[in-house]
């Protein structure tokens, strides 16, 4: 029993880590989270851009939709096909994630076209290459993140014994992952990638907002090269956050007692708080003080 | 426990959820490192934390109310504290700015004219980059987030337990059904404070904390309405079953 729980925790942690990286890159490639306000603002201050902008829903509900859709299809196929558990779950999850990613492609292209068309008054043009080159990339990331989240839901339901049905777990995890990815990894995109022409560490003043970087290493910048940048730091930090959440949550339960797991989780929370204090001390020693007007 | 007590548990849980949103620091402009708080909307972030709390609480379904509440609080708090850690890591090494509270630096928080962190006593003002309203989550906001996570987790688990207690006699899939309904009630009570917070809060030291009574009242009204619907549905269903 203990071995099964340990195996389940390790598998859940790994899948959560991968799902978070892929989800974050999907949102970065499609400007899907809060930084979309900058991409939306740019044409209004005469910065015509070639970013792919599919943000017409918040990242958490959007991601919950893809995960729940993939998990529902996977669960139906798994229970109807009558195959052995492991090949049945894997086949079902792949087909479910495939359908979710196809739907995401449809949603993304329509969202991008309508988003850009609404900027017609500011002479923003609809560049087909800025839609057609990042679209398959973004769909691929959605496929992998939906696949990992579906497999993770099966692991939590089957190996770790949650009483919730698989699609509901997938919706819960998809929502939590969307909230985490939009608040950790997307900062790297919104505050650094979009403003790379400003000095590192100078801060993004409110007056600079909308002045996004439209030219990149190879001429006009396209969203397809955003994950190339954010995968180096923003993605892994998102993976670390969500992976640690699932790993700590599942590992603390291997003892079998609820109270032991609660005490373990709160002691880990205290350790993380101490780490946060040291991190703040480190950054204060390293950056600043800043002077007004410089 | 009788169904009426379970109904009051749902109401109390809903109100706690509404209050927790005030404690969790969140700001959409934080995604550009231009404002203090976790870089997403307060409602969505609290809902994400609440869902991980409900999922944690579901593992303690057979261990009684106290174990479920503790488990839910632990799950939510863990999510909030890890998100604060991730956000601070990206701000420190991806953007190159230290965590600092903008409202405390400008002397407008509930601490009065003090520009120092309430817990560590570190001066905030010189560390705000020019033209921004703070960035990252300094220690006072992190502690506030932990308190918010505990309150939200308790609230979510309370609602979950109340709904589950009412649905066990009438449904074979009581756990899944009540998880779904608890998530729905959590979402409604998370979105209501959006009207008082207007997209941004720095946690318990923010001046918007003074608007908690408004949130309390609106969440009380909505939760009472929802609890009455759930109570009447389950009572009607059990009458049909017997």
Write down the radius of gyration of region A:184-294 and its Dmax, each obtained from C-alpha positions, in Å. 19.4, 59
Over region A:223-268, equivalent-ellipsoid semi-axes from the Cα gyration tensor in Å: 34, 8, 5
For chain B, take the longest principal axis of its alpha carbons; what is the angle in degrees between that and the long axis of helix B:212-241, to the nearest 10 within 0 to 90? 20 degrees
For a distance above 25 Å, tell me the whole-number percent of Cα pairs in region A:62-172 that qualify. 33 percent
Where does helix A:2-29 land angle-wise versus the long Cα axis of chain A, in degrees 0 to 90, nearest 10? 20 degrees
Extent of chain A along each principal axis, from alpha carbon coordinates, in Å, largest to smallest? 61, 50, 26
Taking a crude spin-label model, label points 7 Å out from Cα along the C-beta direction, the residue A:1 to residue A:79 distance in nm is 2.7 nm
Would you look at the GNM of chain B, springs on alpha carbons closer than 10 Å, and say which of B:157, B:74, B:60 moves the most? B:60
Stokes-Einstein at 37 °C, 0.692 mPa s, Kirkwood radius from Cα pairs: D for chain B in µm² s⁻¹? 180 µm²/s
Gap in Å between the Cα centre of region A:103-166 and the Cα centre of region B:54-97? 26 Å
Extension reserve of the residue B:106-residue B:233 stretch, reckoned as 0.36 nm per residue once the Cα distance is removed: 40.6 nm
Within a Gaussian network of chain B (alpha carbon springs, distance under 10 Å), most fluctuating of B:132, B:115, B:83: B:132
How many percent of Cα pairs in the protein assembly as shown exceed 37 Å? 28 percent
What's the percent breakdown of Cα-Cα distances in region A:11-115 across 5 Å bins, shortest bin first? 2, 11, 18, 20, 16, 12, 9, 6, 3, 2, 1, 0
The helix B:3-23 Cα axis meets the longest alpha-carbon principal axis of chain B at an angle in degrees, between 0 and 90 and rounded to 10, of 10 degrees
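Please compute, for peptide B:67-78, the average count of beta-carbon atoms on other protein chains lying within 10 Å of each residue's beta-carbon. Write down the numbers at each step before the final one.
Values: counts 5, 1, 1, 7, 8, 1, 3, 12, 8, 0, 4, 11.
Going residue by residue through B:67-78 and averaging, the value is 5.
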I need the Debye-formula profile for region B:99-156: one equal scatterer per C-alpha, no solvent, reported as log10 I(q)/I(0) at q = 0.17, 0.18 1/Å, two decimals. -0.55, -0.60
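Given R₀ = 25 Å, what would the calculated FRET efficiency be for residue A:207 paired with residue A:278, taking r from the Cβ atoms and rounding to 0.05? Write out the running numbers ahead of the final one.
Details: r = 33 Å, r/R0 = 1.33.
After rounding, the FRET efficiency stands at 0.15.
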Which FRET efficiency, nearest 0.05, do residue B:114 and residue A:41 yield, Cβ-Cβ r, R0 45 Å? 0.85
Mean-square fluctuation maximum in Gaussian network of chain B, Cα pairs under 10 Å, restricted to B:171, B:144, B:56, hits B:171
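None of the figures in this text is laboratory data; all of them are computed from the coordinates on show. Note that the structure is predicted; figures quoted are calculated from it, not measured. With ideal geometry, Cβ positions are generated from the backbone for all residues, glycine too; neighbour counts draw on all protein chains shown.
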